[in-house]
Structures are given as C-alpha cells and as structure tokens.
There are 2 protein chains.
Amino acid sequence: MSENTQIVIRELPTDALSVTHFETKSAPMPEIGDGQLLVRTILMSLDAANRAWMQGATYREAVKPGDVMHTYSIGEIVESKAEGFAPGDIVAGEGGWASYTVMKAKAVKPISDYRPLTHHMSVLGIAGKTAYHGLLQIGDPKPGETVVVSAAAGSVGIFVGQIAKIKGARAVGIAGGPEKCAWLVDELGFDVAVDYKSKTFFKDLQAACPDGIDVYFDNVGGQILEAAMFLANLKARIVCCGAVSQYDTAEMTSPKGVPGLIVVKRLKMEGFIVMDFAKQDAQAEADLSQWYKDGKLKVVEDVLDGLESAPSGLIGLLHGENRGKRMVRVGPDSL
Amino acid sequence: MSENTQIVIRELPTDALSVTHFETKSAPMPEIGDGQLLVRTILMSLDAANRAWMQGATYREAVKPGDVMHTYSIGEIVESKAEGFAPGDIVAGEGGWASYTVMKAKAVKPISDYRPLTHHMSVLGIAGKTAYHGLLQIGDPKPGETVVVSAAAGSVGIFVGQIAKIKGARAVGIAGGPEKCAWLVDELGFDVAVDYKSKTFFKDLQAACPDGIDVYFDNVGGQILEAAMFLANLKARIVCCGAVSQYDTAEMTSPKGVPGLIVVKRLKMEGFIVMDFAKQDAQAEADLSQWYKDGKLKVVEDVLDGLESAPSGLIGLLHGENRGKRMVRVGPDSL
C-alpha cells in the first residue's frame, strides 16, 4: 500500500479522443487531512460526460493536462480522518482514475448493504436516477403517448424506455445498428427501435411514430435531435440530458429549426442534471428497486476489468460499444 | 359598396420580401352565407408572423399566390347572417388585406366600448397579451432578476420590458440603432438597452447584464438568441415567441450550443402562442388596462394610413422600422 497507480491526461483532445491522450503513472500514496478519506477504488463509472469535461467547464470544472482523470467511483475506505467514517466502509463520490483517491467525507454517499455494488452505478446510481427524474419530471409522459429516447441501449436509455413502458407510454428507441435495435425490442420490451446509422433513418423514425412524438429524451443532440423536433407533436417535451454526438469532435452542429419549430409547435426543451432532483432521490431509489424486484425493469451492465481498461473503455463508449451501464472494476472485490 | 379592393399575393418570396410580391385587385363585394358576417375593415394588424406564413404552414395554414393576404383585423359589420350580430357592431377576427372581408360569426370577438380601437390591436390585443402571458407564465421573472428582450422596441417588446419593471425585475432591451436604444431607456423606463447592430454587441450585452440573464424573451432567434444563451444563468428561462431574423430570408441559422448549453446550464426553452393562454386573457386585459390607467404602462402605436400602405408597412416592420405596434388604418373612422 505504498504506491498509487493513476491515469492522467497527457494532452487534451482537439478532435476524437484516443488512448494517446492518457498516460499511466505511479504516484506515492496520498496523505489525507482533516475531514478526508483515503479510498481504495472498486468501481469507476465511464460516462460520455467524461469527454465533455475535456471540452471546457460544464456543470463542473474542466479537466486539464496533468490531472488524474475525474470519475464517479465507489470504493472502500482504508483510512479516515472524518467522524462517522471507518476503514472498511463503502462510499461513493467524486474520485479519479486511480487505485486510491482522496475524498471529502462531506461529499461522499455511504453505500448501504444493497448488493451487488454495480447496481449503485446503474439502476440505483446516476444512470437510473437520471432516466427516472428526467423522464418523469421533465418529460412527464401520459399513458398512450409516444416516448422516443436516443442512445437507447446506453446506460440511461435502457431505463428511459423501460420506465416509459411502466408508465403506460409507447417506447421507441434510437440506437446504432440492427443488432442493438433488435435487442432493445426483444430483451428490454421497447415497442420499436430505429437504427440511426440507416440511410432511411428519418423515414424509419417517422414510421415508428405514427402518432408523432410527445416526449423526446435526448442523449445525443445533432441531427437526431433535429429529426425528433421535426416529428414532435404540438406541446411535446424535449428532455435535454446530453449531447454525445457533440462531445468527441471539434465540429458542433446545432439542429435546424431552433427556435422556429419551438415557437410553431410550442415545444418545451429543458436541460437538467441528476443533482437538480436530489430531493426526490429517495423516491426514485424506492421505485427503481421495487420495479427491479418485480421483474418490470431489467438491469444491464457492462463491466470492464482493470484500471488500465478505462481509456479504451471510454473511447468505445463514445462510439456506442456498450449496452447498458459501462463501468470499470478496479479491485478484485466480488461485492 | 359594390366594389372590394384587395391586396393579393402575386408571388411568394424566396428571399427578402418586396412590394412586387403583392398586387392590388378590385373584386366584387363578397356574398355571405349562414353564420357569416360581411365586415368593413377599420384596422389591420401588421406582424412579422405575416412573413412566416409565406414560408409554409406554421401554427396556421400557409398563404399562397392568389390569396388575399391574411391579417388580424378589426372592422364594422355591414351585413350579418348570424344571430346576435348586427350592422354597426365592431368585431375583431381573422380578415384579409381588403376593404371588406367575410368573417365567421363564431370566430370573431366582439369589441367592447373601450376606446381608442387601436388599443385592441396593441395593449389589449395580441401584442400586449403575448408579452403578458409569455413573460409571466413562461419567463416567470422574480424581483431583482434580469430580463432581456429582443426586438424590444417592437409591438411585443415594449410591453415585455415594462411588465418586467412592474414585476420588480431589471429590464434590458435589445434593439437596432442608438436612437431606439436611447428611446427605450428614456421613454419606456428600460434599465439599459443594447444595440444589436453594434460591432461590440456581445460585450455590450454582457456589460448590460453583470449578473447574467435569468429570463430571455426571444422575438428574433439567430445570433442574438445564441448570445443570450451564452450569457444565461443556471436555470434561466428562454421564452420562444418568434424568430424574426429567420423569416425574411432563405438562410436559416440555428444558435450554437443547442443542446449543449441547455444541458450544462439546465435552461428551459419554451415556445408558445397567445391562444395557448386564452383562459387567462380576462386577467391579462384587466391587469394591462389597469397598469395603463395608472400610468405604469406606456402604449406606443405606429398607425399607417390606407390599405395600400400594407405591403411597404410590412416590409418596413421586418426591417425594424416601427416603434410599438404597427397597424394600418383602412377606414376613415376616428374610433
């Protein structure tokens, strides 16, 4: 326990991210001060947002060359200088791509007995709660309405479609490739799925939504957002959750029809991040775990092995490699 | 009373609108059927939306070559085939650029005794109610917040800024040219006004909003919308009322940062048209006329004379010629 392996940013990408933007370093074990915890990393979340942080300040500060890459992680306390926290406790919080990180006790969330731990990264974590709050608080789908979600096979998308079904709406997924699309329908119960890589994408989406779109949960931005706006019904709600099509490129494309279509169709577009709804988190966790227990909500996870798999894992995620929540298991734990 | 002068669309514009897109025709006096009214035009509204109708279907059907140009108008009934409506009654409704039009009795709004009639086109008309509903229902400004409105010297903008002040917010107007800007501050009580034609527009707007923007009431779209989104605070509301920068051109420009900035700043963008809030119209009219009587709300009108002034009047409006609500007085009435 004298050495800490870290993955740091060697250089910020100006276009597509590659593994050469990162390097692995060995650092001395960090020392902690009052109110801090030394945490051994068990699971690290991989998110499209990681790439957005490399573009500049977002809802959090930008990352810069030399920084240990930031992440949301779950780990075990190995040393504590904060009351109420003891070695062996499991906590979640803002960490880094490293075998050990320092966390502020005030900013961590203790993890309950609920196992497997991976569920705290997926259905009970940011992914599940993002889907739950965004769809229900902003999208507010009514029974019989059509809900469309992009990056539907991704960490958040799989829950958006399934929650839409639980609420009596029609769920249409947008994903890359016929296999993913078939999987969304066959395995996760989406009503239809549409391949955005197809040359007939717009027509396919139109055919998949014969009554138009009432709620569009947007994870991607760009031309898919544009297509959804053109097919949106009067008073449709657009839940702006992410813009993954815009993160890994130097070229930004805004959808046509802004603000024209917003005015004419009286659309509501609203952005959010999961922390905005922290007050409703307990309800979200209760509903999500109940639906899971009842077999109404399937949990799909994509767990990569070993700290060094993080850079290529993130790049693969930006290219749509994953199904469900992608994360990295750093420790040998079987929790 | 045997001849009806009409202005019809000769050709639809593909780029900027010009007077050659219209022609004046003489038509026989229309005959009315059951449930209809023959109405002598007194006032015709000129609106940027007139130009949008020439681009295709919007919230109403598109206009096409050969059509009498549509308008919202106020007139006097000269013949009625509908119960409850008699010659001499004053009504408002969907009319045309013509000395006489046929209106459906079910679709008109009887005009009360309140005079001058022009106020039913401005402060108590669509302009005033659009400002009232859009700002208060969607923008929802709190005392001390910064409200920015574009096309601030226009029919809706003059009321948005003044209502913002009445509600205790800071009002920042965006208008074209230093004279209009000075007028907004000196005559209408805006806190600051910023000239969008200036080369330092973005910096000027930033300086005018030291605490950022909480509510942006957008009448123009394009680069001004983009600037406002960049200066928007977390959880700012963008009221999408119109996109006049996009109407009189073949070239559409969407603001950069959609949906990126919407996500990161958790913005809400929402479109509306005045009819969406019809249930609150009575309250709007009561408040607006009370504020006017109390001297808190100035009414500015720009009344052109004669049916034939409509085409050039509309073109001028698209170029920002008007201050306050532009309309055409067709009859010789002094109502």
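The values are calculated or read from the model by the stated rules, or taken from the named source; none is laboratory data. This one's a predicted model, so the numbers in the text were calculated from it and none came from an experiment. Quick reminder, even Gly has a Cβ in these numbers, built from the backbone with ideal geometry, and neighbours come from all protein chains shown. SASA here: full protein model, heavy atoms, side chains in, ligands and nucleic acids out. Shrake-Rupley method; radii C 1.70, N 1.55, O 1.52, S 1.80 Å.
Tabulated values for the structure
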quantity	calculated
Some residue of the stretch A:26-42 being under 25 Å from A:Thr130 (Cα atoms) and under 24 Å from the mean Cα position of the chain (by Cα)	yes
Residues of the stretch B:167-196 satisfying the condition of being under 22 Å from the mean Cα position of the chain (by Cα) and on the phi > 0 side of the Ramachandran plot	B:Gly177, B:Gly189
Unique residue being under 28 Å from B:Gln283 (Cα atoms), touching a helix residue (DSSP H, G or I) at 6+ places or on another chain (Cβ under 9 Å), open to solvent by 30 Å² or more (accessible area, probe 1.4 Å) and assigned to a strand (DSSP E or B) when the list is B:Glu94, B:Glu76	B:Glu94
Residue check for A:Asp218: modelled with pLDDT of 95 or more, in the same structural domain as A:Gly173 (by TED's automatic domain parsing) and closer than 14 Å to A:Pro141 by Cβ	no
Filter pass, A:Asp248 being more than 15 Å from A:Ala131 (Cβ to Cβ) and either among the acidic types (Asp, Glu) or within 9 Å of chain B (Cβ to nearest Cβ) (or both)	yes
Residue tally, condition under 25 Å from A:Val330 (Cβ atoms) and part of a loop (DSSP other than H, G, I, E, B), over the stretch A:283-307	3
Check on A:Lys106, touching a Gly at 6+ places or on another chain (Cβ under 8 Å) and charged (D, E, K, R)	yes
Boolean, A:Thr58 is open to solvent by less than 40 Å² (accessible area, probe 1.4 Å), within 20 Å of A:Tyr247 (Cβ to Cβ) and either aliphatic (A, V, I, L, M) or not in a helix (DSSP H, G or I) (or both)	yes
Residue in the stretch B:251-271 that is more than 10 Å from chain A (Cβ to nearest Cβ) and surrounded by fewer than 20 Cβ atoms within 10 Å (Cβ to Cβ) present	yes
Failed item in (1) within 25 Å of A:Asn50 (Cα to Cα); (2) away from chain B (no Cβ under 12 Å), with A:Pro210 passing the rest	(1)
So A:Ile74, is it within 14 Å of chain B (Cβ to nearest Cβ), aliphatic (A, V, I, L, M) and touching a strand residue (DSSP E or B) at 6+ places or on another chain (Cβ under 7 Å)	no
Of the criteria (1) more than 20 Å from A:Gly144 (Cβ to Cβ); (2) open to solvent by less than 40 Å² (accessible area, probe 1.4 Å), which one A:Tyr196 fails	(2)
Criterion: under 26 Å from A:Pro141 (Cα atoms), more than 9 Å from chain B (Cβ to nearest Cβ) and part of a helix (DSSP H, G or I) - qualifying residue of A:Ala278, A:Ala310, A:Ala236	A:Ala278
Qualifying residue in the stretch B:15-24 (condition: in a loop (DSSP other than H, G, I, E, B), farther than 28 Å from A:Leu234 by Cβ and not aliphatic (A, V, I, L, M))	yes
Scope the stretch A:166-224; condition among the basic types (Lys, Arg) and either part of a helix (DSSP H, G or I) or farther than 24 Å from A:Gly295 by Cα (or both); matching residues	A:Lys180, A:Lys197, A:Lys199, A:Lys203
Residue tally, condition touching a residue at least 12 places away in the same chain (Cβ under 8 Å) and closer than 30 Å to B:Leu12 by Cβ, over the stretch B:226-253	14
A:Lys203 being free of Cβ contacts under 8 Å to residues at least 24 places away in the same chain, closer than 26 Å to A:Leu188 by Cβ, in the same structural domain as A:Gly134 (by TED's automatic domain parsing) and not aromatic (Phe, Trp, Tyr)	yes
Test result for B:Asp218, touching a strand residue (DSSP E or B) at 6+ places or on another chain (Cβ under 6 Å) and acidic (Asp, Glu)	yes
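Residues are listed down the side, and each one gets a yes or a no for (1) outside the structural domain of B:Ala250 (by TED's automatic domain parsing); (2) out of contact with any helix residue (DSSP H, G or I) (no Cβ under 7 Å at 6 or more places or on another chain); (3) open to solvent by less than 20 Å² (accessible area, probe 1.4 Å):
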| site | (1), (2), (3) |
| --- | --- |
| B:Pro13 | yes, no, yes |
| B:Ala16 | yes, yes, no |
| B:Val19 | yes, no, no |
| B:Lys25 | yes, yes, no |
| B:Ile42 | yes, no, yes |
| B:Asp67 | yes, yes, no |
